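See structure below.
The values are calculated or read from the model by the stated rules, or taken from the named source; none is laboratory data. What you see is a predicted model; the values in this text were computed from it and never measured. Note that we place each Cβ from the backbone using ideal geometry, even for glycine, and neighbour counts take in every protein chain shown.
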Amino acid sequence: MILYKYLQPSRLDVLQHRRIRFTQPGDFNDPFEFRPCIQGAASDNYVEEHFEELVEDDLSKYGALTNIVPKSVLKETLFAQKNKLPELFRLLEPQLIQRASSFFDTFLNQNVGVLCLSEIRDSILMWGHYTDNHQGFVIGFDSDSPFFSKRRSESDEFGFLRHVNYQIQRPQVILSDTTSSAWFETKSEQWAYEKEWRIVRVLSEAACRIDRNPFPVCLFEFPADAVREIIMGMRFSSSLLPKMQSLAVAFPRTTLLRASEDPHDYRLVISDVR
């Protein structure tokens, strides 16, 4: 399968240096990215199952107190209140969720980047939105390239292509459920026309980092044989054509194409550059 990245004409450097940005969620044009509806901090079952672990963790922070009162006595006192814990937890939960939500926003924007691609190469809307009004170009990537297979383990949530799901409601998650992937792969159905796939990477693995506010630009290298198509837009400048042709030579598996208007319908015609 070929997946497409829409780019502005100023981004010829992507082809020149074979480096592409993985963007932080906070820099996306959709403010709902990676922001599900947080339904709760933890389920009652989770609190019940991890109660002893939570008690041990908290007591370890108060070494001076356990020198005065034996740790066993403190544990017995806390365990005697175990049945009241869910009620107490629910009282504190709104504050926990608010703090956790802010923490996750900051953590993700500091550590995670996303490369968004599309199944389609001839979307008039996306050419208009992402290529500076059809003046840019589109890169078609081979989804089977090792570039899209960077998982470090079978349970790793990073380094592989995932299909974006579109729905009306924001996904509901429990913070203690660390297996949920809804954070990464759900968007409003209003974006469904993009037919998006995405790959999420850890920004510390970037080949190049350019300081910029509010978020640095983190670039990842991709191999030349990962590129299968380069498509110039309807309004791609004729002055840039020689440079594009020169750059395309460095990609041995690539076909250089151009978009033009269909004479009868509201659609683009993609054809070889002659």
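General observations
- Residue within the range 203-223 that is modelled with pLDDT under 95, over 19 Å from residue 19 (Cβ atoms) and assigned by TED's automatic domain parsing to the domain that holds residue 128 present: yes
- For the range 112-137, a residue qualifies if it is farther than 20 Å from residue 236 by Cα and in a loop (DSSP other than H, G, I, E, B), and exactly one does: 119.
- Scanning the range 103-125 for residues that are among the hydrophobic types (A, V, I, L, M, F, W, C), modelled with pLDDT under 95 and within 18 Å of residue 29 (Cβ to Cβ) gives 108, 112.
- Inclusion of residue 184 among residues that are buried (at least 16 other Cβ atoms within 10 Å of the Cβ) and in contact with a helix residue (DSSP H, G or I) (Cβ under 8 Å, 6 or more places away or on another chain) is not warranted.
- The range 199-210 residues that are outside any helix (DSSP H, G or I), paired with ones that are among the polar types (S, T, N, Q) (beta carbon under 8 Å, 6 or more apart): 202/111
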